[in-house]
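A short reminder: the numbers here are calculations on the coordinates, not readings from a lab. The structure presented is a predicted model; accordingly, all values stated were derived computationally and were not measured. In this analysis, Cβ positions are derived from the backbone assuming ideal geometry, glycine residues included, and neighbour counts consider all displayed protein chains.
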Amino acid sequence: VSFSTILGAWIAAFLTLGIFSYLYKDNPFYKIAEHVFVGVSAAYWAATFYWTQIYPNLFGRLFAVDSPFASMYVIDKGHEYNGLYFFPLLLGIMMLLSVFKQINWMARWGIAYTVGIAAGLKAFGYLSSNVISQIKSTAVELFSGELSFFAMSGDSIFNNIVIFIGTISALMYFYFSREQSGAYGRFTRLGVYFLMISFGASFGFAVMGRISLLIGRFNDLILFSNPSYNYGTFWMLGLIIVVLGYWSFQNPERTEG
């Protein structure tokens with residue numbers, strides 16, 4: 001194993017154990033790992049977004065081969081020149097001006113335009129992919145001679161009835177113009193049960209994804225603890241334990257807090 005690979009493994013083990021050290025209490029190792037994670041993530045996202053989106057799609061059109069600026073600078077990304085892209089470039093520059101107190105009001109124009117466009121696109125996309133598709137999925141045949149009565153997956157009479165009753169009862173639960181009592185209240189309570197089942201399934205799916213990530217980190221820690229990585233996990237674990245012990249001894253008031 002090369003030195004760079006071993007060094008990367010030791011750093012990965014240190015950062016992973018630094019995050020896990022929060023289970024003991026808030027400490028400098030956790031803060032270091034947290035700040036490194038946030039900083040590296042922000043820098044990686046900014047660099048990736050610039051070279052995959054801004055550079056080819058914005059500057060690639062402003063400085064295309066057929067642009068009037070071709071004699072000064074050319075970015076050949078297969079796009080034709082389009083002067084309208086100076087408008088988003090101007091809005092982006094205005095958003096960066098928020099760091100200057102004298103002219104930070106100019107950033108509001110760029111932010112307002114971006115938020116408005118994003119809200120419109122998100123609303124349209126959400127209606128198309130969620131609301132309309134959910135309505136179509138709810139419009140099922142309750143009784144059909146071509147469907148079996150019960151099936152573990154797919155269309156069946158029983159499954160369609162459950163979908164229909166669950167959708168109607170859950171929607172009626174959020175109708176607050178009528179008191180939820182009597183037969184109406186019992187039906188809306190059925191909708192609450194459907195909502196709890198849905199929320200529980202979503203939460204379980206989220207936890208399952210986090211557990212899979214945790215297992216991946218444990219696998220890496222086990223891998224980095226073997227001799228080929230010079231027992232990196234054990235060295236980092238020992239370092240963190242010793243330093244945390246000394247830090248807690250030197251700061252008893254923080255330990256008590």
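Tabulated values for the structure
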| read-out | value |
| --- | --- |
| Cα-projected label distance for Ser2 with Ser41, points at 7 Å along beta-carbon direction, nm | 2.8 |
| Length gained when the stretch Tyr246-Asn219 is fully extended (0.36 nm per residue, less Cα-Cα span) | 6.8 nm |
| Residue exposure sequence - Lys122, Lys31 - by fewest surrounding Cβ within 10 Å | Lys122, Lys31 |
| Order by protection proxy (mean Cβ within 10 Å, highest first), peptides 212-222, 153-163 | 153-163, 212-222 |
| Modelled FRET efficiency - R0 35 Å, Trp51 with Lys31, Cβ distances, 0.05 increments | 0.70 |
| In Hz, Karplus ³J(HN,Hα) per residue of the range 159-172 (6.51, -1.76, 1.60; θ = phi - 60°; x = Gly, Pro) | 4, 5, 5, 4, 4, 5, 5, x, 5, 5, 5, 5, 5, 5 |
| Calculated FRET value between Tyr193 and Lys122, using beta carbons and R₀ = 41 Å, to 0.05 | 0.85 |
| Nitroxide proxy distance, nm - points 7 Å out along Cα→Cβ at Arg178 and Ser98 | 4.6 |
| Contour minus Cα-Cα distance for Phe205 and Leu90 (0.36 nm per residue) | 37.1 nm |
| For the range 178-257 versus the range 86-138, the gap between their alpha-carbon centres in whole angstrom | 33 |
| Segments 178-184, 189-195 sorted - mean Cβ within 10 Å per residue, highest first | 189-195, 178-184 |
| Estimated dipole of the chain in Debye, rounded to 20 [Cβ of Lys and Arg +1, of Asp and Glu -1, Cα centre] | 480 |
